[in-house]
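One structure below.
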Amino acid sequence: MSDALSIVTDFAFSSDDQRLLREVVGPNSRVEVVSDITALRRALPGAEVLCTFRPPADVVTLAPHLRWLQYPGAGVDNLIREGVLHGDQPFVVTTVSSANAQAIAEYIFGAMLIFARKWDEMLRLQTRKEWAQGRTWGALRGFELQGRTLGIVGLGAIGRRAAGIARGFRMRVVGLRRTAQEEWSDPDCDLLYRPDQLTELLGESDVVVLSVPLTNATIGMIGERELRAMRTNALLINVARGEVVQEASLIRALRERWIAGAALDVTAEEPLARTSPLWDIPGVLVTPHMSGLTTGYATRVAQLFAENLRRFTNQEPLLNQVDYTRGY
């Protein structure tokens with residue numbers, strides 16, 4: 001590998017973050033920051049490293065010298081599904097799968113507390129300038145998270161961060177791992193389940209968090225059978241991908257009160273159509289795929305990218321390299 005690297009990105013790195021990247025690769029390398037897809041395509045012929053959310057479908061042709069794509073998000077399932085990325089391409093792909101773990105874990109608990117302490121109703125009262133009294137005041141009685149069981153389906157960086165926060169609330173944590181074996185335990189969980197024990201986890205959880213990657217094994221993994229296995233007072237929180245849940249079954253489960261509610265940061269169709277029933281069903285919180293969106297995210301992306309640049313220049317294994325056999 002030559003001492004000089006050509007790096008192209010259209011990610012919105014701050015000037016400080018750009019300075020960090022340039023410090024890592026040294027003065028002989030070039031870090032080109034562009035602002036739109038047209039400029040990106042113009043810069044690709046000389047690129048050896050690319051950091052973008054939007055690699056063109058013809059990236060192999062446009063960037064014949066490309067050795068590595070750093071994707072600034074957690075999962076590339078959409079790019080694999082669209083055929084933009086596949087295992088035969090002559091460059092490695094990495095993600096920043098841990099960069100948004102804290103933000104998404106905090107979102108999970110924010111959603112829990114909205115439901116547990118009825119914040120949505122209190123905000124409605126404030127909008128009406130109404131001080132709750134009598135039955136209205138009594139209807140605000142919520143529940144405490146302490147002593148409740150949190151079921152986490154997917155113990156990656158997000159799931160583990162959520163498990164750690166749950167300890168602070170003195171919750172019981174049960175988890176499901178793709179690779180769990182009969183005799184295994186997990187330091188972040190009171191009880192660990194295998195994938196074939198999903199309905200057991202669902203049946204004992206007060207809150208179920210979906211934080212799995214989207215793969216052939218997880219598409220549609222939550223359907224009618226799984227939703228009926230949940231407690232009637234349970235809350236479902238999906239920060240994975242919308243396709244993990246069979247949406248028609250979820251709508252029915254919410255309407256018929258098989259479960260108490262759902263917080264959905266992801267949906268099968270994004271943006272969610274204005275005609276979707278999910279907007280209007282009581283007990284549903286819909287957010288626009290923003291659980292990882294915080295002021296600290298870009299800096300953590302820069303830090304992970306910088307560490308991978310250091311590893312790349314030193315010919316060391318890269319962090320978060322995509323394994324196409326697993327799909328993430």
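For segment 197-218, the set of residues classified as among the hydroxyl-bearing types (S, T, Y) and at pLDDT below 95 consists of T215 only.
Per this entry, R54 is counted among residues that are of a type in the set (K, R) and not assigned by TED's automatic domain parsing to the domain that holds I281. Return a yes/no flag: does segment 84-100 have any residue that is in a helix (DSSP H, G or I), surrounded by 20 or more Cβ atoms within 10 Å (Cβ to Cβ) and not hydroxyl-bearing (S, T, Y). Within segment 84-100, none of the residues are in a helix (DSSP H, G or I), surrounded by 20 or more Cβ atoms within 10 Å (Cβ to Cβ) and not hydroxyl-bearing (S, T, Y). Screening N308 with (1) surrounded by fewer than 19 Cβ atoms within 10 Å (Cβ to Cβ); (2) of a type outside the set (A, V, I, L, M, F, W, C); (3) under 29 Å from F91 (Cα atoms) gives one miss only, at (1).
Within the span defined as segment 47-59, one or more residues are in contact (Cβ under 8 Å) with a residue 12 or more places away in the chain, within 24 Å of R241 (Cα to Cα) and of a type in the set (D, E, K, R). Criterion applied to L235, L201 was being in contact (Cβ under 8 Å) with a residue 40 or more places away in the chain and in contact with an Asp or Glu (Cβ under 8 Å, 6 or more places away or on another chain), and the one residue passing it is L235. Look at segment 255-277: where a residue is more than 25 Å from A105 (Cβ to Cβ) and a partner is of a type in the set (S, T, N, Q) and part of a loop (DSSP other than H, G, I, E, B), sitting 6+ places away or on another chain with Cβ atoms under 8 Å, you get R257/T232; W258/T232; E269/S276; S276/T267. Restricted to segment 1-27, and to residues that are within 16 Å of L44 (Cα to Cα) and of a type in the set (S, T, Y), which residue is surrounded by the fewest Cβ atoms within 10 Å (Cβ to Cβ)? Among those residues, the one meeting the criterion is S6.
Tell me, yes or no, whether segment 258-276 has at least one residue that is in contact with an Asp or Glu (Cβ under 7 Å, 6 or more places away or on another chain), within 26 Å of F143 (Cα to Cα) and surrounded by fewer than 19 Cβ atoms within 10 Å (Cβ to Cβ). No: segment 258-276 contains no residue that is in contact with an Asp or Glu (Cβ under 7 Å, 6 or more places away or on another chain), within 26 Å of F143 (Cα to Cα) and surrounded by fewer than 19 Cβ atoms within 10 Å (Cβ to Cβ). Scanning segment 37-46 for residues that are without any contact (Cβ under 8 Å) to a residue 24 or more places away in the chain and closer than 16 Å to A4 by Cα turns up just one, P45. Scanning segment 28-39 for residues that are surrounded by 15 or more Cβ atoms within 10 Å (Cβ to Cβ) and farther than 17 Å from F53 by Cβ yields a count of 3. For segment 144-166, a residue qualifies if it is in a loop (DSSP other than H, G, I, E, B) and either basic (K, R) or without any contact (Cβ under 8 Å) to a residue 12 or more places away in the chain (or both), and exactly one does: R148. Just one of the listed residues (L145, L155, L150, L140) is assigned by TED's automatic domain parsing to the domain that holds R231 and over 20 Å from D190 (Cβ atoms), and it is L140.
The values are calculated or read from the model by the stated rules, or taken from the named source; none is laboratory data. Just so it is clear, the model here is predicted, and its values are computed rather than measured. Don't worry about glycine lacking a Cβ; one is built from the backbone with ideal geometry, like all the others, and counts go over all protein chains shown.
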